[in-house]
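The values are calculated or read from the model by the stated rules, or taken from the named source; none is laboratory data. From a predicted model like this one, the values you see are computed outputs, not experimental measurements. Note that each Cβ is placed from the backbone with ideal geometry, even for glycine, and that neighbours are counted across all protein chains shown. Side chains are part of the model used for accessible areas, which takes the heavy atoms of the whole protein and leaves out ligands, DNA and RNA. Shrake-Rupley method; radii C 1.70, N 1.55, O 1.52, S 1.80 Å.
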Amino acid sequence: LASCPKIGRTRQDDTKGAMAERVRVAVRVRPILGDEEGPCVVHAEDGGKELQVLDARSSGSSKSNGQRSRECSRGKFQFDRVFSDKEDSDRVYEDHCRHVVDRACRGYHGTIFAYGQTGTGKTYTMGTIQKNAVRDIFKNINGSSEHQWLPRFSIIEIYNETVP
């Protein structure tokens with residue numbers, strides 16, 4: 001999941017002081033479904049910025065009691081935000097996407113997009129983000145009588161490198 005208000009520039013933001021405008025990247029770990037099995041486990045702390053990929057197969061190393069360890073690290077990855085499987089889509093919106101919607105209501109272009117393999121929860125997460133974004137956009141419209149509004153909201157799904 002990434003959000004990007006104007007990439008690569010720095011300007012004075014009128015509500016938060018100096019703010020770097022850049023692509024922010026977040027990862028949302030979805031819960032393992034009942035029928036899923038596999039040798040790979042992803043570990044994320046609530047509210048963290050690090051994602052750890054673990055190998056659940058025997059690592060070959062022995063614990064002090066002589067048993068083989070069943071967990072070894074394949075890698076650690078840093079992101080602007082990592083959402084654990086315990087955090088819901090509303091938290092993703094509030095922590096990672098709402099600022100893009102707020103800035104769009106002040107006249108800036110913004111994009112929120114999800115990328116990943118089939119079955120990883122993109123459509124589920126983006127459904128909640130869309131609902132919350134539309135709600136907040138219309139709250140802004142209803143709360144402002146000094147502007148004339150023409151909201152535009154595009155949703156595009158690309159599947160197998162085609163737009164259905």
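Values for this structure:
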read-out	value
Criterion violated by LYS16 - all others in (1) at pLDDT 70 or above; (2) under 23 Å from ASP90 (Cα atoms) satisfied	(1)
Residues of the stretch 72-106 classified as over 30 Å from HIS147 (Cα atoms) and of a type in the set (A, V, I, L, M), total	1
Candidates GLU146, GLU161 - the one that is charged (D, E, K, R) and on the phi > 0 side of the Ramachandran plot	GLU161
In the stretch 69-111, residue farthest from ARG152 (Cα to Cα) [restricted to those that are outside any loop (DSSP other than H, G, I, E, B), over 11 Å from the mean Cα position of the chain (by Cα) and of a type in the set (Lys, Arg)]	ARG74
Filtered residue count, the stretch 45-65, keeping only those that are under 25 Å from VAL29 (Cβ atoms), at pLDDT below 85 and either in contact with a Cys (Cβ under 6 Å, 6 or more places away or on another chain) or open to solvent by 100 Å² or more (accessible area, probe 1.4 Å) (or both)	4
Pair list, Cβ under 9 Å, 6 or more apart: the stretch 141-158 residue at pLDDT 85 or above, other residue among the aromatic types (Phe, Trp, Tyr) and part of a loop (DSSP other than H, G, I, E, B)	ILE141/TRP149
Residue list for the stretch 122-146, filter: open to solvent by less than 50 Å² (accessible area, probe 1.4 Å) and either touching a Pro at 6+ places or on another chain (Cβ under 9 Å) or part of a helix (DSSP H, G or I) (or both)	THR125, MET126, GLY127, THR128, ILE129, ASN132, ALA133, ASP136, ILE137, ILE141
Candidate set from the stretch 112-121 (those that are part of a loop (DSSP other than H, G, I, E, B) and open to solvent by less than 60 Å² (accessible area, probe 1.4 Å)); member that is nearest to VAL100 (Cα to Cα)	ALA114
Breaking point among (1) in a helix (DSSP H, G or I); (2) exposed (fewer than 13 other Cβ atoms within 10 Å of the Cβ); (3) of a type outside the set (Lys, Arg), for TRP149	(1)
